[in-house]
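The values are calculated or read from the model by the stated rules, or taken from the named source; none is laboratory data. Everything numeric here is computed off the predicted structure, so don't read it as measured data. Note: ideal-geometry Cβ built from the backbone for every residue, glycine included; neighbour counts use all protein chains shown.
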Amino acid sequence: MTMTANCDICGAPMENAAHIVRNCPVAISVWHQSLMPMNLSLLQAVDLHTWWMRGFAVNLGVGQVLEVELWGIYLGLKLAWDIGCSAVVLESYSATAVHLLNKNVEDLHPLATMLWGCKDYINKNWDPPDSTRSFLSEDLLGVFMPRAIV
């Protein structure tokens with residue numbers, strides 16, 4: 001909170017949501033440096049008031065980090081599906097979670113039920129968003145980019 005309307009970072013005369021998210025040179029730099037850079041022309045065309053932002057909090061009690069990550073994946077996908085999102089990109093910083101979700105899990109695995117639940121949502125009929133189509137094309141061509149997408 002400041003006493004002026006200008007952007008303290010770049011000095012622009014009017015700081016608003018659009019400036020913070022997509023017009024400030026620092027925001028543009030962040031988008032370019034992110035693991036999954038947005039198509040900036042697409043970002044400019046989007047009305048920020050139409051973005052859906054949701055979240056959740058759950059008390060899982062005592063457990064392991066992998067279990068928490070899988071719960072986050074499961075509940076995030078469930079939330080996205082329940083509100084009608086059809087274009088979803090699922091990313092995880094947990095290489096173990098990504099590995100387990102991309103292989104067959106034995107019935108006796110301690111997290112088998114949670115993994116199956118996640119896979120059920122992953123295998124639903126999700127439409128890839130336009131911003132990820134280039135990534136899918138690159139994957140088909142064998143272009144290497146360090147990322148963990150399920």
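What do you reckon, is Val89 modelled with pLDDT under 90 and aliphatic (A, V, I, L, M)?
Numbers: modelled with pLDDT under 90: yes; aliphatic (A, V, I, L, M): yes.
When the stated conditions are applied, Val89 passes them.
Picking from Val26, Val30, which residue would you name as being more than 20 Å from Glu91 (Cα to Cα), part of a helix (DSSP H, G or I) and at pLDDT 75 or above? Give the derivation first.
Details: Val30 fails: more than 20 Å from Glu91 (Cα to Cα).
Exactly one residue qualifies, and that residue is Val26.
For residues that are hydrophobic (A, V, I, L, M, F, W, C), within 14 Å of Tyr121 (Cβ to Cβ) and without any contact (Cβ under 8 Å) to a residue 40 or more places away in the chain, tally how many sit in the stretch 58-84.
Number of matching residues: 4.
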Considering residues of the stretch 62-109 that are surrounded by 15 or more Cβ atoms within 10 Å (Cβ to Cβ), part of a loop (DSSP other than H, G, I, E, B) and among the β-branched types (Val, Ile, Thr) only, the residue nearest to the chain's Cα centre (by Cα): Val88
